[in-house]
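To start, the structure under review is shown below, and the notes come after it.
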Amino acid sequence: MDFQTRCVHVGVNKDGTFNSCTTPIYTSSTFYWDNLTTHRGFDYTRSGNPTRRALEENIASLEGGTDCRATATGMSAIHSAMFLFKPGDHIITGHDIYGGTFRLFYSVLTEQGLEFSFVDMQDLDNVRKAIKPNTKGIWIETPSNPLLRVVDIAGICGIAKQAGLTTIADNTFLSPYLQRPMELGVDVVVHSTTKYLNGHSDVVGGAVVTRDKERSERVAYIVNAIGQGCSPFDAWLVLRGIKTLGPRMEAHQKGAIELARFLDKHPKVERVYYPGLETHPQHALAKSQQKGFGAMLSFDVKGGRPEAERVLNNLQLFQLAESLGGVESLVEYPETMSHASMTLEARRAAGISERTIRVSVGIEHPADLIAGMSHALNKI
Ligand SMILES: Cc1ncc(COP(=O)(O)O)c(C=O)c1O
């Protein structure tokens with residue numbers, strides 16, 4: 001079945017009693033056993049739940065995996081996936097990953113005995129050079145957050161295969177509608193379903209998608225053992241959101257390219273970071289591994305923090321908020337918001353400055369988006 005058809009149908013039909021069109025929300029914490037050895041597929045909602053399972057089947061299909069575990073947040077999905085490694089293992093990742101992921105790796109998991117190298121993954125040689133005898137994995141986030149650098153997924157997977165490393169990709173920024181890392185060789189895909197998959201800014205959630213038996217079993221074991229699974233209601237909301245993923249992504253992208261072109265020409269803007277612009281240094285790579293360029297973009301205003309603040313304080317339509325991927329357009333300031341959990345040195349090394357503003361382009365009409373942005377830039 002075509003991708004969009006799978007968005008609407010896979011996993012959804014779970015009601016054998018009344019044949020309902022949408023998946024019922026099974027709020028039950030526990031399920032009756034028929035006898036000491038038999039139940040109807042679910043025994044306790046931490047371990048498994050029919051509504052959550054519907055979502056898991058759906059996302060696994062969209063990413064081209066064989067299994068998925070839907071978790072309470074994107075961070076819990078990332079944390080669960082990291083249990084594929086053991087203390088003493090070394091993992092290579094980008095120097096400009098999401099701030100919360102950086103914090104989890106740099107502070108929490110380093111204390112637990114994992115070791116990380118944060119490198120500029122645009123250059124595959126940096127990745128090759130970072131491999132050590134205890135390297136066990138490569139964490140990919142592409143396009144990166146917030147500067148939209150593109151990582152060559154197939155290139156990284158080639159390196160990983162040669163060295164026997166596990167590859168994990170955070171596919172939150174594009175969604176499987178626009179990028180399917182498993183088709184390029186990635187072993188595990190994670191999502192913050194809070195973003196495009198749900199798409200309506202009314203849930204936080206995550207997902208870990210796997211495609212081999214060993215890693216699937218390990219992730220399922222961990223999600224149950226630690227209690228990371230999402231609530232049935234949250235699963236239902238995400239499943240509902242995914243049904244319109246394709247049309248939403250198309251509308252998001254339409255606004256994003258128009259806004260990026262407007263910003264690119266604006267005299268008060270120093271630089272625009274959007275892989276859809278022909279001038280983006282990795283436009284060709286993005287074109288080759290993505291089905292579209294998505295709707296996240298960042299830009300540097302001319303000047304410094306006062307100019308950035310002036311823009312942020314004068315925007316119309318765009319609301320100041322962290323998060324992304326909802327139908328409404330948001331802006332945020334990585335320096336004090338999404339990337340405040342990175343150290344200052346790490347932010348600067350990643351190229352995040354006091355002039356940088358990140359935009360999540362919603363599905364509003366592009367003309368209204370441009371008018372709202374233009375109003376703010378004219379206040380500088
Ligand atoms: C790329 C990326 N991955 C993971 C996360 C974490 O997701 P959550 O906030 O749902 O825990 C975020 C949150 O912004 C993100 O942008």
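Cross-link partners for residue 291 among the lysines, with Cα-Cα distance under 23 Å and sequence neighbours closer than 8 places in the same chain left out: 195, 243, 254. What FRET efficiency comes out for residue 378 versus residue 123 if R0 is 41 angstrom and r is the Cβ-Cβ distance? Round to the nearest 0.05. Efficiency at R0 = 41 Å is approximately 0.60.
Residues in segment 248-380 average 41 Å² of solvent-accessible surface per residue, probe 1.4 Å, ligands and nucleic acids excluded. Working from the alpha-carbon coordinates of segment 3-242, get Rg over Rh, Rh being the Kirkwood radius. Radius of gyration relative to Kirkwood radius: 0.99.
Please state, as a whole number in µm²/s, the translational diffusion coefficient that the Stokes-Einstein equation yields for segment 246-377 at 4 °C and 1.567 mPa s, with Rh defined as the Kirkwood radius across alpha carbon pairs.
Translational D for this selection: 87 µm²/s.
What nm value, rounded to one decimal, do you get for the distance between residue 19 and residue 336 when each label is placed 7 Å out toward the C-beta? Distance between the two pseudo-spin positions: 5.8 nm.
Accessible area of segment 120-224 with a 1.4 Å probe: how many percent of it is carbon plus sulfur? With neighbouring chains kept in place, the figure for segment 120-224 is 47 percent. The distance separating the Cα centre of segment 50-110 from that of segment 296-333 comes to 28 Å. Antiparallel beta bridges, as assigned by DSSP with both residues in segment 75-232, represent about 20 percent of the total such bridges.
Using the heavy atoms of the protein chains alone and a 1.4 angstrom probe, what is the accessible area of segment 1-107 per residue in square angstrom?
48
By accessible area, using a 1.4 Å probe on protein heavy atoms only, segment 260-366 has 51% of its surface on carbon and sulfur.
For residue 297, the residues 5 or more places off, or on other chains, whose built amide H falls under 5 Å of its own are 359, 361. Beta-bridge orientation, the chain: approximately 55 percent antiparallel, per DSSP, counting only bridges with both partners inside.
Dipole magnitude for the chain: computed about the Cα centre from +1 point charges on Lys and Arg Cβ and -1 point charges on Asp and Glu Cβ, it is near 160 debye. Projecting the alpha carbon convex hull of segment 43-183 along each direction and taking the average yields 8.8 nm². Note on segment 10-107: along the principal axes its Cα atoms extend 51, 33, 22 Å, ordered by decreasing extent.
Entry comment: accessible area of segment 170-212 is 22 Å² per residue, from protein heavy atoms only and a probe of 1.4 Å.
Segment 274-295 and segment 158-229 have their alpha-carbon centroids 22 Å apart.
Pairs of Cα atoms in segment 69-120 fall into 5 Å distance bins, from 0 up to the last occupied one, in shares of 5, 19, 32, 26, 15, 3 percent.
The values are calculated or read from the model by the stated rules, or taken from the named source; none is laboratory data. In this text the structure is predicted, and so the values were computed from the model without any measurement. Neighbour counts are summed over all protein chains in view; Cβ atoms, including those assigned to glycine, are modelled from backbone coordinates with ideal geometry. These accessible areas exclude ligands, DNA and RNA; they are computed on the full protein's heavy atoms, side chains included. Shrake-Rupley method; radii C 1.70, N 1.55, O 1.52, S 1.80 Å.
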